[in-house]
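See structure below.
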Amino acid sequence: MGRPLIQTIISRLRGLLGSSQQNTPVTADAIDFGKRLIPETEHRIPRRLLDDNALKVAYRLQDSGFEGYLVGGCIRDLLLNKSPKDFDVATDAHPEQAAELFRRSRLIGRRFKLVHVRFGRDLIEVATFRTSHDNLSEEENQDAKQCDSGMILRDNVYGTMEDDALRRDFTVNALYYCPKDHCVYDFANGYQDLQQKRLRIIGNPDARYREDPVRMLRAARFAGKLGFTIEPASEKPIFELGHLLGKIAPARLFDETLKLFQSGHAVESYQELRRLQLFEYLFPQLEQLLKQNDPNLPVDTLVLNALSNTDRRLAQNKSVTPAFLFAALLWYPTQLRMEKLIREQNMPQLPALHEAANQVLSAQVRSTAIPRRFSTPLREIWELQLRLSRQSEKAAARTFEHPRFRAAYDLLLLRENSGEPLNGLSQWWTDYQTANPEQRHSMSQEPEKATRPKRRRRRRPSNSPAND
Ligand code: ATP
Ligand code: MG
């Protein structure tokens, strides 16, 4: 065996075991250097299920003298008879070279340079083979950047296909499909793991989670979505490293939250997140309430019902919005704060809600961002929770006309169905929607007139600030 080959093997071994001193054991079969080709007769991915545009991209790359493979989640999902969310292509062409081959392409990303090739509304992501961060030359180190905790800040060092396979997150995500020979290329034992429904991180688990803590959330998501078991050595460090998610940009955690809860497997993903003690890094205020386990507040039931509603809507091809998801998940933290402000500071209900909403949302955006296009309707959904309890004819008619009525009514239903004692209010609104004007008139209640003495309304000065 020549010296360079021995050095390559030693360097690869170091990469797989992680460069830092770790005491987490790596199971022996996690290390696999062999390349395995799985023929079409064995993997049986039907050619008609391969995305035409992804194939066009791979063929164009191959015809131009580069390599081009379909890779990642799409191959994993096809092998599991699921329909892939998107198709990704991997190549040895550098991003600039790949971009030149396609008229409708765009170079994107700084941390991780990629090429997007557009086909109408369809988008194919083309990524250049990358290598792991261990044992890089000084020049290469400028294109790779890691901070003290081991987190990768920039990842633009290119390598071979095998290098690329080993820098991916889970073995089942490191499978490549070659459109020329129709084989699946496996460098990390992913094919076997997939058949055994096992999620295994490639290399040293501790080091790989430190490099990118979001991989822990991805572990929860794939375990939930695919119904896989996380292999013990891949699971163990998660309980100690969850706090590293605090270093991830809230905007990225918002995107990951949507992938977790708006991809059709929200309930399973939530259960995995809680089991792995990761939920608290996405929704700390909600986790605190869940831990308190107040028998008078159906927090866990409301979360589970909200998530299973989302899954059901997606299964029926109905739309879902992050505004509703966040409104439902953060309702009880907000309601409790509002009640505290009313009790302790004697605040009227509406200003107390506004103040509680401000406090809860400004604490939440330290974990996950909430873009304004979602936080504005979210606040309206909350405000309508108060207005829905006013059942006079005029107030009900105004509430019913509000553009956010439907979402607010859905949240009210969720609350009452989860066990919050609302005295049949959601049924009242269900009936209201199909009632004719006469019926609405007789349904309406005028509790304010009957029970409260008339008060003079205080007029708001014309220059008072708006709600938000
Ligand atoms: P899905 O698209 O169904 O959510 P996916 O596995 O395709 O799942 P993507 O986020 O589309 O996930 O990423 C495509 C591929 O890129 C993955 O399959 C994996 O090989 C690799 N990858 C993505 N994120 C990471 C990461 N944080 N660390 C290492 N590899 C990653
Ligand atoms: Mg994908």
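Numbers for the structure displayed
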quantity	calculated
Shape call, the range 224-278: gyration tensor on alpha carbons, a/c limit 1.5	oblate
Global form of the range 306-447, assessed from the alpha-carbon gyration tensor, a/c cut-off 1.5	oblate
The range 183-318, accessible surface, carbon-and-sulfur percent (1.4 angstrom probe)	46 percent
Relative packing of 302-310, 98-106, 36-44, which averages over residues the other C-beta atoms within 10 Å, highest first	302-310, 98-106, 36-44
Vicinal HN-Hα couplings computed from phi for the range 397-407 (Karplus, 6.51 cos²θ - 1.76 cosθ + 1.60; Hz; Gly/Pro x)	5, 5, 4, 5, 7, 5, x, 9, 4, 4, 5
Over the range 284-443, relative contact order from alpha-carbon pairs under 8 Å, at least 6 apart, %	24 percent
Whole-Hz ³J(HN,Hα) from phi, Karplus 6.51 cos²θ - 1.76 cosθ + 1.60, for the range 318-331, glycine and proline x	8, 7, 10, 10, x, 4, 5, 4, 5, 4, 5, 5, 9, 5
Which of F239, Y176, Y191, positive extreme of dipole for the range 160-299 (C-beta unit charges)	F239
Accessible-area ranking of R118, R379, largest first, probe 1.4 Å	R118, R379
Gap separating the Cα centres of the range 404-448 and the range 275-330, nearest whole Å	22 Å
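The values are calculated or read from the model by the stated rules, or taken from the named source; none is laboratory data. Note that the structure is predicted; figures quoted are calculated from it, not measured. Quick reminder, even Gly has a Cβ in these numbers, built from the backbone with ideal geometry, and neighbours come from all protein chains shown. Keep in mind that these areas ignore ligands, DNA and RNA; they rest on the heavy atoms of the full protein, side chains included. Shrake-Rupley method; radii C 1.70, N 1.55, O 1.52, S 1.80 Å.
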